[in-house]
1. Using the Cβ atoms and a cut-off under 14 Å, what net charge is assigned to the surroundings of Ile102, where Lys and Arg are +1 and Asp and Glu are -1?
2. Could you work out how far the C-alpha centroid of the range 197-211 sits from that of the range 410-486, in angstrom?
3. Once amide H atoms are placed 1.01 Å from N in the peptide plane, what residues at a sequence separation of 5 or more from Ala284, or on another chain, have their amide H within under 5 Å of its amide H?
4. Is the shape of the chain rounded, prolate or oblate, going by the alpha carbon gyration tensor and its root eigenvalues a ≥ b ≥ c, with a/c under 1.5 for rounded and a/b larger than b/c for prolate?
5. Answer rounded, prolate or oblate for the range 290-362, using the Cα gyration tensor with square roots of eigenvalues a ≥ b ≥ c: rounded when a/c is under 1.5, else prolate when a/b is larger than b/c, else oblate.
6. Would you mind calculating the gained length between Arg238 and Ala19 on full extension (0.36 nm times residue separation, minus the Cα-Cα distance), in nm to one decimal?
7. Counting only DSSP beta bridges with both residues in the chain, tell me the antiparallel percent, nearest 5.
8. Quick one: if the Förster radius is 25 Å, what FRET efficiency do Thr2 and Arg207 give, using the C-beta to C-beta distance and rounding to 0.05?
Amino acid sequence: MTRPRVFANGRIYAFDPAAGTYHRYRELVVEGGRIVALGEGLCGAGVERIDLADKTLLPAFADSHVHLTDTGWFLGERSLGDVATYAQFERRVGALAGGPMIFAGQYDDARWSDGREADARPLEAAFPNRLAMLVRVDAHSCIVNRKTLAWLDLPPALEGIERDVAGVPTGRLFLDANWRAQTAFMAALPERERRAAERRALQEALRRGALHLHVQLIGFEGREAFAAEMEAIGAVARATAPELAGKIHWKLCTTDVAIAADLGLPYVGGDVFLDGSIGSRTAAVGEPYLEGGGRGKLFHGDAEVVAYYRTAEERGISAGVHAIGDRALAQAIAAIEAALGGCRSQRTRHFIEHAEMLSPEQIARCARLGLYLSMQPQFDALWGGNGGMYERRLGRTRKRAMNRLASIVRSGITVAGGDDSPVCRLAPLEGMEACLMHHEPTERLDAEQALTLYTYNSARLGHAELRTGRLAPGLAADLVILDRDPLAERSFAAAQVLETWGDGRRLYDSSTAPMKPESV
């Protein structure tokens, strides 16, 4: 049994859900992994004192949408996220190192200054005899060389195989072809490399103050496959820090509700794709894309989505889907209305991931149904500016209506903040800053609202608000210590995570290197 600790001489912010406000304290007492008290003058005999030295203590952050393995893969040289032109793309791809399989990604050709798009030529030139794949930043399209395309042996009529005017595959894959290719390629990568990637991702999360991770499990079928992956990642988490395993919120990306129920999870879904992405022009939109035309695609029929939500509601399981385009959002909302009979559920917390193109009318319907939204404020920071990807794909009018954060929060909808890492950096502070700096001033949140997205609201999305998500007696001592006060400064831009704590144990300390959990 550890003796009590008091964090003192700092700025400690505790959220009051009833009032929707934060209260500031000077001291916080932890014992046995839980918060015991907040206030002042709490130091007493036998209590270890931790001097905050006027630093700021907040609840540990959450990330409501994480692709853990991919995040670890793309930390370092495999990331092409900083490439700005096709010429740079060629050079970086040619310089990739690896064994028999070349795997990299994060390129975002919609942001390249030369207006060109990525293609397979650099892969063919550098790696004609190796399996090679490059994944776009949104993961909704990828590029492979001819050797990989032959190895994949995709059915010729499979949707999403791009072909040139002569009918020859170009190496760019979308829709079903993209997902089949990525699933097969990832499965062929060595197991030890997958687990090493997950460990890197977990360490990076702790460095960023992200303790609670809503991990998407995509590409698995059947209970045994999901259970095995949960156990494998859980083992990596326990080896990284024993407390971490209990901070992962599993999102099984399947419409088979029974699997989640059988594994004892209160929710199912997440990246159950109703459509694709704006960047890859596969999100289902009402008006055609400006570049390349088309309106994307709905991946499921209306009846199938209704049946999914109805089954989940009957079993008391909260269900979620990925919906980005306005047509996909219309399908999701209509399905939930049908499953719930138009009324708010008293048993479940159904949710939608991303929800980038919600209209005012759709926002009102989501609020009426009590839906939860898992959104990514960094999307606006990346793509919402003048001349950015949203404007290039959709035009200025539709661009200005993307990611309506303030409108959604004002409606009373619970919004959880995430980064969709590795699409965006796994960095909650950057997500919070994006909330404050939304390209549409009327859609900006204040600092307290932004913090709540990445703490209490994410805990609610994970059905965990009675255990964590805020600083209160009886809850887990899940904490971050920052070098400054972002609530007073009204900015998260310069704030740095100094320490991350889970269940009253220091898991990350910026003053030590390499990162190593505190010994018990």
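No lab work stands behind these numbers, since they all come straight from the coordinates. These figures come from a predicted structure and were not determined experimentally. Reconstructed Cβ throughout: ideal geometry from the backbone, glycine too, with neighbour counts over all protein chains shown.
1. Summing Lys/Arg as +1 and Asp/Glu as -1 gives +2.
2. After rounding, the separation between the Cα centres reads 17 Å.
3. Those qualifying (amide H under 5 Å, at least 5 residues apart or on another chain) are Gly276, Lys297, Ile324, Gly325, Ala328.
4. Values: a/c = 1.67, a/b = 1.42, b/c = 1.18.
Here the chain falls in the prolate category.
5. prolate
6. Answer, rounded to one decimal: 75.2 nm.
7. Details: 34 of 72 bridges.
So the antiparallel bridges in the chain amount to around 45 percent.
8. Numbers: r = 24 Å, r/R0 = 0.97.
So the FRET efficiency works out to roughly 0.55.
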